[in-house]
Amino acid sequence: MVARNEIIVCGAEVADAEILTEKCKRAFDSDSDVGAPGPGGPPGYDSMEWNSHAIKNAYLQYYKVVSGNDIVGGFIAGDRGPGYQVCERIWIDPNHMRKGIGQKVFELVWGQYPSADLWVLDTPEWNLRTKPFYEKVGFVQIGTTHHLPQWSQRYYEKRISAGFPKAMSKIGNLHNDQKLVIVEGRVDRIASPRTVSSRKTGEQLKVAEAVLTDDTSSIGLVLWNDQIRQVEEGSRIRIENGYVKEFRDELQLGVGEWGLIITLL
Ligand SMILES: CC(C)(COP(=O)(O)OP(=O)(O)OC[C@H]1O[C@@H](n2cnc3c(N)ncnc32)[C@H](O)[C@@H]1OP(=O)(O)O)[C@@H](O)C(=O)NCCC(=O)NCCS
């Protein structure tokens, strides 16, 4: 047993899914007190099936937070590249909130990733609680994402080591068939969107070509459908989970279905 005033973080098991789901639902539903339009949470937050899958998912590290005999919260970590860690989710049971547990959980989880260069996460713009919380823990807002239809998300980063992160690339170093690309640059221009038919399904798709430039080079950035509204000419963006393809003898950067576009501040 863990002493009542001690907090530990350890790998969750499928047998923990029910209690983790219950706590997760209660924690996120309480967001209606801190700016949420109503009860709700991220996809699957109230589903035992989703949480069981996440515990088994080899690409995620799902931790339970234990105090005394109780599970009092959870933390889901992931990685988007070497040393580029993401806090996918953190929640603390409402009965245990505001006792320093969330802060302690971050310290304990960070201890498990000695080679991390940085941690990132995003959180809804309306959330009055996560802003002071993440800032207290040492995160700095560096941008905004617009991938959700309902609201924008604040995008936070905490640098663990100084220097250029090993998971990130400069545009001048990109090469054909590169995947899981993380790159930053300025959007120099965006052409008007065109409508094209998908070669596979015949479906009508919108595509807009832009140019992304950093201090080393420029590359064509291809934006599809909903990605087009997320990017403004003249802004600086970071792309996570991008890919590079050669097209008509030139390298092009795409964002991909699981990719993320961050508008930097
Ligand atoms: C966000 C969350 C994880 C914080 O956990 P917690 O254990 O209550 O946080 P802590 O007690 O460690 O708080 C540390 C600091 O965060 C800030 N903070 C936490 N809750 C706050 C609140 N309700 N209002 C204002 N600031 C708050 C404070 O600066 C606090 O320090 P202080 O108590 O000395 O003033 C918890 O509120 C939660 O589970 N929320 C619902 C789920 C969620 O939104 N998760 C994050 C999105 S993925």
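A few notes on this one:
- Only listed residue being in contact (Cβ under 8 Å) with a residue 24 or more places away in the chain and away from the ligand (no atom under 13 Å from the Cβ), chosen from Ala17, Ala58: Ala17
- Residues that are within 12 Å of the ligand (Cβ to nearest atom) and either surrounded by fewer than 21 Cβ atoms within 10 Å (Cβ to Cβ) or part of a strand (DSSP E or B) (or both) within the stretch 83-98 comprise Val86, Cys87, Glu88, Arg89, Ile90, Trp91, Ile92, Pro94, Asn95, His96, Met97, Arg98, listed in sequence order.
- Residue in the stretch 23-34 that is assigned to a loop (DSSP other than H, G, I, E, B), within 13 Å of the ligand (Cβ to nearest atom), at pLDDT below 95 and in the same structural domain as Thr130 (by TED's automatic domain parsing) present: yes
- Residues that are open to solvent by 40 Å² or more (accessible area, probe 1.4 Å) and over 18 Å from the mean Cα position of the chain (by Cα), drawn from the stretch 42-60: Asp46, Met48, Glu49, His53, Lys56
- Tally of residues being under 17 Å from Ile92 (Cβ atoms) and outside any helix (DSSP H, G or I) across the stretch 40-52: 4
- The number of residues in the stretch 174-219 that are surrounded by 12 or more Cβ atoms within 10 Å (Cβ to Cβ), more than 25 Å from Leu265 (Cβ to Cβ) and in contact (Cβ under 8 Å) with a residue 24 or more places away in the chain comes to 2.
- Given (1) more than 9 Å from the ligand (Cβ to nearest atom); (2) in contact (Cβ under 8 Å) with a residue 40 or more places away in the chain; (3) open to solvent by less than 40 Å² (accessible area, probe 1.4 Å), number of the condition Ile101 does not satisfy: (1)
- Residues (open to solvent by 30 Å² or more (accessible area, probe 1.4 Å) and out of contact with any Lys or Arg (no Cβ under 9 Å at 6 or more places or on another chain)) located in the stretch 228-255: Arg229, Glu232, Lys245, Glu246, Phe247, Arg248, Asp249, Glu250
- Residues in the stretch 151-173 that are without any contact (Cβ under 8 Å) to a residue 40 or more places away in the chain, of a type in the set (S, T, N, Q) and within 21 Å of Asp122 (Cα to Cα): Ser152, Gln153.
- Here is the figure for the stretch 28-41: residues that are acidic (Asp, Glu) and surrounded by 13 or more Cβ atoms within 10 Å (Cβ to Cβ) total 2.
- Every pair of residues 6+ apart whose Cβ atoms lie under 9 Å, when the first sits in the stretch 33-52 and is among the aliphatic types (A, V, I, L, M) while the second is away from the ligand (no atom under 12 Å from the Cβ): Met48/Ala17; Met48/Glu18; Met48/Leu20; Met48/Thr21; Met48/Glu22
Yes/no per residue for (1) assigned to a strand (DSSP E or B); (2) among the aliphatic types (A, V, I, L, M):
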residue	(1), (2)
Pro165	no, no
Gly172	no, no
Asn176	no, no
Lys179	no, no
Val183	yes, yes
Asp188	yes, no
Val196	yes, yes
Arg199	no, no
Gly202	no, no
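The values are calculated or read from the model by the stated rules, or taken from the named source; none is laboratory data. Computed from a prediction, not measured in an experiment: that's the story for all the values here. Cβ sites come from the backbone with ideal geometry, for glycine too, and all protein chains shown count toward neighbours. Note: areas computed on protein heavy atoms with side chains; ligands, DNA, RNA excluded. Shrake-Rupley method; radii C 1.70, N 1.55, O 1.52, S 1.80 Å.
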